[in-house]
Amino acid sequence: MSETASHVASGKVREIYALDDERLLLVTSDRISTFDVVLPTEIPDKGRVLTGLSAFWFAQTESIVPNHLIALREDGRSTECRRLEMLPIECVVRGYLAGSGWKDYLATGEVCGHRLPEGLSESERLPEPIFTPATKAQTGHDENIDRAAAVELVGEERFDEAERLTLELYSYVAGRALEHGIILADTKLEFGVDPEGRLVLADEAFTPDSSRFWPADGYEPGTSQPSYDKQFVRDYCETLGWDKTYPGPELPADVVDGTRARYIEAFERLTGVDFAEYLADPASVQA
Ligand SMILES: Nc1ncnc2c1ncn2[C@@H]1O[C@H](COP(=O)(O)OP(=O)(O)O)[C@@H](O)[C@H]1O
Ligand SMILES: [Mg+2]
């Protein structure tokens with residue numbers, strides 16, 4: 001890290017430093033959060049998996065939307081980024097009915113104001129992907145909001161632009177993932193505004209932390225799907241009867257190893273790059 005970088009903030013997973021007025025250094029740790037609680041046990045290399053996958057997708061989607069990435073550092077977990085004015089909404093898109101989308105649908109027949117056909121089952125593919133923004137909670141859980149509430153926060157023009165870009169990015173990446181046997185059920189993107197007033201894709205993109213990835217073989221609607229990534233940890237936590245408030249439980253070695261293996265498997269399937277190759281040369285994902 002540059003000696004002049006000053007620490008700006010700690011997210012659940014990232015440490016944020018300012019390099020200067022225009023640039024941030026985002027350092028992605030190996031911390032894992034589940035049910036919005038950061039656990040005391042880390043997953044070795046998880047931060048590198050997230051960083052490498054984001055850098056891969058930033059390179060792949062550059063022609064759809066500009067992104068914040070300036071440079072990926074040698075350690076594979078630090079990125080120099082353009083410092084942006086972040087939109088105060090999370091841009092979520094859902095192609096399948098899962099998580100809070102499924103819960104909202106069960107309760108109201110709608111998700112974020114999108115009225116859906118009756119009789120859909122859990123994990124079912126939606127007729128069309130839908131944009132389902134959420135608030136960015138400073139602490140606790142994000143809240144799903146409808147178009148009117150989101151327009152209130154970002155204005156109509158930005159909302160329409162963010163929705164269009166989010167849907168376009170989803171359809172492109174979901175198609176690519178499916179070629180590798182992975183369903184991108186839903187994902188969360190964050191956009192910022194650059195000094196020229198343009199929307200720029202920021203934060204992380206299409207990682208297991210920001211997305212629901214399901215193995216395509218074995219996909220069967222009607223129940224929740226086993227997913228890559230955190231499912232293993234969530235399942236373990238469910239066996240403990242933990243109340244999902246701070247502090248979270250320590251993870252045993254087999255859960256750590258199993259989770260690490262899944263993160264790396266998702267990385268390799270999606271990027272086509274061996275994780276060892278990424279560690280030796282992070283730029284391999286940007287080729
Ligand atoms: N280019 C950027 N400019 C300004 N802020 C950014 C940029 N990219 C990401 N961020 C912010 O940095 C933080 C990333 O840290 P993270 O650990 O993911 O936080 P969180 O716990 O909020 O998910 C998020 O608050 C995100 O909105
Ligand atoms: Mg985050």
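General observations
- Summed side-chain charge close to THR51 - residues other than THR51 whose Cβ falls under 14 Å, Lys, Arg +1, Asp, Glu -1: -4
- Ordering VAL38, ALA18, THR132 by the projection of their Cα atoms onto the charge dipole of the chain, which places +1 on the Cβ of Lys and Arg and -1 on the Cβ of Asp and Glu, puts VAL38 at the extreme positive end.
- ARG212 accessible area, assembled protein chains, probe 1.4 Å, Å²: 80
- Spatial separation of Cα centroids for region 238-287 and region 6-61, in angstrom: 13
- Dividing the helix sum by the residues of the chain, where each DSSP H run of 4 or more adds -39500 (n - 2.57), gives a mean residue ellipticity at 222 nm of -10500 deg cm²/dmol.
- For the chain, the solvent-accessible area with a 1.4 angstrom probe is 46 square angstrom per residue.
- Once C-alpha pairs closer than 8 Å and six or more residues apart are averaged by separation and normalised to the residue number of the chain, the relative contact order reads 22 percent.
- Descending by average beta-carbon neighbour count within 10 Å, the peptides 216-225, 124-133 line up as 124-133, 216-225, the highest first.
- Taken about its Cα centre, region 122-196 carries a charge dipole of about 260 debye when Lys and Arg each add +1 at the Cβ and Asp and Glu each add -1 at the Cβ.
- What you get for region 65-116, charging only the Cβ of Lys and Arg (+1) and of Asp and Glu (-1), is a dipole of about 80 debye around the Cα centre.
- When peptides 242-254, 265-277 are ranked by their average number of other Cβ atoms within 10 Å per residue, the highest-first order is 265-277, 242-254.
- P(r) tail for region 29-171: Cα pairs beyond 21 Å make up 56% of the total.
- Cβ-based net charge around ASP160, under 13 Å, with every Lys or Arg adding one and every Asp or Glu removing one: -2
- Of the DSSP H helices in the chain, those that are both long (alpha-carbon extent of 20 Å or more along the helix axis) and hydrophobic (Kyte-Doolittle mean at least -0.5) are 46-61, 253-271.
- Charged-residue dipole, Cβ positions (Lys, Arg, Asp, Glu), region 1-160 about Cα centre, Debye nearest 20: 320
- Residue of LEU53, LEU106, LEU25 that the Gaussian network model of the chain assigns the largest fluctuation, springs spanning Cα pairs under 10 Å: LEU106
- Charge sum, other residues only, whose C-beta stays under 13 Å from GLU118's C-beta, Lys/Arg counted +1 and Asp/Glu -1: -1
- Furthest towards positive pole of dipole, ALA202, ALA185, MET86, structure part the chain, Cβ charges: ALA185
The values are calculated or read from the model by the stated rules, or taken from the named source; none is laboratory data. Values in this document were obtained by computation on a predicted structure and should not be read as measured data. Please note: Cβ atoms are built from the backbone with ideal geometry, for glycine as well, and neighbour counts cover all protein chains shown. With ligands, DNA and RNA removed, areas are computed over all heavy atoms of the protein, side chains included. Shrake-Rupley method; radii C 1.70, N 1.55, O 1.52, S 1.80 Å.
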